[in-house]
Amino acid sequence: MIAIRPPEYFPRSVYMSLMQHADHFVLADTFQYSRQSFQNRSKLRNPNGWQWITVSLKGYAYGDPIRTVTVDNDDRWKEKHWRAFMYNYRSTMYFEFYEDRFRTVFDEDDHNRLGALTCRTVEIQAELMDLDTTITRASDLPGEPDTVGAVLDALDIPDTPLLCGEDTVEVDARNERETRVLNFDLEPYHQNFEGFEPGMSAMDFLFNYGPDAAVRIADAGSVSVFDPDTAE
């Protein structure tokens, strides 16, 4: 199965589950940047519930692809985000286990474009979770395709089903490809502070559960054939 999604900044567990159930995952960094999405921000658990960490942007025009949006490195967002991870997670059981590999994202100097940065955070999470899914950036495909249909054409594997999330399946299924949908139901898990907050970065799960997090995230997802006639 092929899954095609815009990259998220330290993506959520549902995103990683979609990647786990796909054989080939395309990071759609050629798609249009969307405000109020997870493309340049992520949620971390904190003592008060949760907080956003947001990558500052220098500016963009409506319709700009994610890969061309400029990151505002003058804002020192790397330092702010690393401090947020340290403050909220350094007392978790597995923070030190992942720290050295995870820290590389903040030590790298080439994060001037949002697409490259967010793709990197997805790739590092996949590495930390030991995923064997093939990952491709859409910008590396011939013609830099910027729609789901164009990505499928560029991959040229017509008999492979398209795997979608529940939030995009009705639109993506219009590509006349056999379509399957990931149904995701993650049960509350132990977090570093009292209570449970959904929708956190999958790093939240990893820091608290270590290698078992990947198993639980995969188990929270199930795949079914999408039937547009029964879709709500």
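Using the Cβ of Arg90 as centre and a radius below 9 Å, the other residues enclosed give a net charge of -2, where K and R count +1 and D and E count -1. Relative contact order for the stretch 3-113: 22 percent, from Cα pairs under 8 Å spaced at least 6 residues apart, divided by residue count.
This model, with +1 at the C-beta of Lys and Arg and -1 at the C-beta of Asp and Glu, gives the stretch 89-232 a dipole about its Cα centre of some 280 debye. Taking Cβ atoms as reference points and 15 Å as the exclusive limit, the residues near Asp146 contribute a net charge of -3, counting Lys and Arg as +1 and Asp and Glu as -1. Normalised by the number of residues in the chain, the mean separation of alpha-carbon contacts (under 8 Å, six or more apart) gives a relative contact order of 30 percent.
Taking a ≥ b ≥ c as the square roots of the Cα gyration tensor eigenvalues, with a/c under 1.5 meaning rounded and otherwise prolate when a/b beats b/c, else oblate, which class fits the stretch 100-232?
It is oblate, given that a/c is not under 1.5 and a/b is not larger than b/c.
In the context of the full protein assembly, Tyr33 retains an accessible surface of approximately 20 Å², using a probe radius of 1.4 Å and ignoring ligands and nucleic acids. Available extension along the chain between Glu123 and Thr54 is 23.0 nm, counting 0.36 nm per residue and deducting the alpha carbon span. Going 7 Å from the Cα of Ile135 in the Cα-to-Cβ direction, what parts of the stretch 151-168 have a backbone nitrogen less than 19 Å from that spot? 163-165, by backbone N distance to the label point. GNM remark for the chain: springs join alpha carbons under 10 Å apart, and the peak mean-square fluctuation among Thr70, Thr168, Thr54 falls on Thr168.
Is the stretch 98-170 best put as rounded, prolate or oblate by its Cα gyration tensor, with a ≥ b ≥ c the root eigenvalues, rounded for a/c under 1.5, and otherwise prolate when a/b is larger than b/c, oblate when not?
prolate
Positive end of the dipole of the stretch 1-154 (Cβ unit charges, origin at the Cα centre): among Val55, Ser91, Asn73, the Cα lying farthest that way belongs to Ser91. Overall shape of the chain was characterised from the C-alpha gyration tensor. The equivalent ellipsoid obtained from it has semi-axes of 28, 22, 15 Å, in decreasing order.
Which shape class applies to the stretch 1-127: rounded if a/c is under 1.5, otherwise prolate when a/b exceeds b/c and oblate if not, where a ≥ b ≥ c are the square roots of the Cα gyration tensor eigenvalues? Taking the square roots of the gyration eigenvalues as a ≥ b ≥ c, the stretch 1-127 is oblate. Using a 1.4 angstrom probe on heavy atoms only, work out the carbon and sulfur share of the accessible area of the stretch 83-232 in %. Carbon and sulfur: 44 percent of the exposed surface of the stretch 83-232. Under a model in which nothing but the beta-carbon of Lys, Arg (+1) and Asp, Glu (-1) is charged, the stretch 26-138 shows a dipole of about 520 debye around its Cα centre.
Modelled label positions at Ser34 and Ser91, each set 7 Å beyond Cα in the direction of Cβ, lie 3.7 nm from each other. Along the Cα-to-C-beta direction of Arg174, a point sits 7 Å from the Cα; which residues of the stretch 1-43 have their amide N less than 16 Å from that point? Residues 32 qualify, since their backbone N sits under 16 Å from the label point.
Placing +1 on each Lys and Arg Cβ and -1 on each Asp and Glu Cβ, with no other charges, gives the stretch 1-78 a dipole about its Cα centre of roughly 260 debye.
The values are calculated or read from the model by the stated rules, or taken from the named source; none is laboratory data. Everything numeric here is computed off the predicted structure, so don't read it as measured data. Note that each Cβ is placed from the backbone with ideal geometry, even for glycine, and that neighbours are counted across all protein chains shown. Note: accessible area is taken over every heavy atom of the protein model, side chains too, but ligands, DNA and RNA are not part of it. Shrake-Rupley method; radii C 1.70, N 1.55, O 1.52, S 1.80 Å.
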